Amino acid sequence: MLFYLILALIPLWTCHKYELVSEYQKNLGIRNKYLFWSMFVVFAAIALRHSSIGTDTGGYLEDFVRFGKLGWQDAIDDTRQESGFVIFTKLTSFITSSPKIYQIIYTLIQWIFVHYLDTKE
């Protein structure tokens, strides 16, 4: 639990460090660098978490393994999940059969889009 408390404080610490940068040195590139490393640490912890961490993580990883073994229509019919999620999960199963790599892939996609959308001005 202490790890996650510290993890939650990293973005605040990064923001504080950025505020210490002198005004004439602050620019979008410097801000994005601080944002990048702050987000990297948080998203790395999400990507590498154990399947027992979080209420849904284990279920999603089990879905990944199950969908990988089923045909397309069977995978869609086998769950209450949205078909887009099933399709994404099934496509990912062609890349890897490892639930850990699947977790890293979807977290990386989230991180890229959050970082891209936040740094685009």
Boolean, I109 is outside any helix (DSSP H, G or I), without any contact (Cβ under 8 Å) to a residue 60 or more places away in the chain and either among the basic types (K, R) or within 24 Å of L12 (Cα to Cα) (or both): no
Failed item, numbered, when A44 is tested on (1) over 30 Å from T89 (Cβ atoms); (2) assigned to a helix (DSSP H, G or I): (1)
Some residue of segment 51-62 being in a helix (DSSP H, G or I), acidic (D, E), modelled with pLDDT of 85 or more and surrounded by 15 or more Cβ atoms within 10 Å (Cβ to Cβ): no
Residue list for segment 88-106, restricted to those being in contact (Cβ under 8 Å) with a residue 12 or more places away in the chain, hydrophobic (A, V, I, L, M, F, W, C) and open to solvent by 50 Å² or more (accessible area, probe 1.4 Å): F88, I104
E23 being without any contact (Cβ under 8 Å) to a residue 24 or more places away in the chain, closer than 22 Å to V114 by Cβ and out of contact with any helix residue (DSSP H, G or I) (no Cβ under 6 Å at 6 or more places or on another chain): no
Residues located in segment 1-30, provided they are surrounded by 15 or more Cβ atoms within 10 Å (Cβ to Cβ) and over 30 Å from L61 (Cα atoms): T14, Y18
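If you check S93, S97, S51, S83, which single one turns out to be among the hydroxyl-bearing types (S, T, Y) and touching a Leu at 6+ places or on another chain (Cβ under 6 Å)?
S51 is the lone residue from the list that is among the hydroxyl-bearing types (S, T, Y) and touching a Leu at 6+ places or on another chain (Cβ under 6 Å).
The values are calculated or read from the model by the stated rules, or taken from the named source; none is laboratory data. Computed from a prediction, not measured in an experiment: that's the story for all the values here. In this analysis, Cβ positions are derived from the backbone assuming ideal geometry, glycine residues included, and neighbour counts consider all displayed protein chains. Each accessible area value is taken on the protein alone, full model and side chains, heavy atoms only, with ligands, DNA and RNA left out. Shrake-Rupley method; radii C 1.70, N 1.55, O 1.52, S 1.80 Å.
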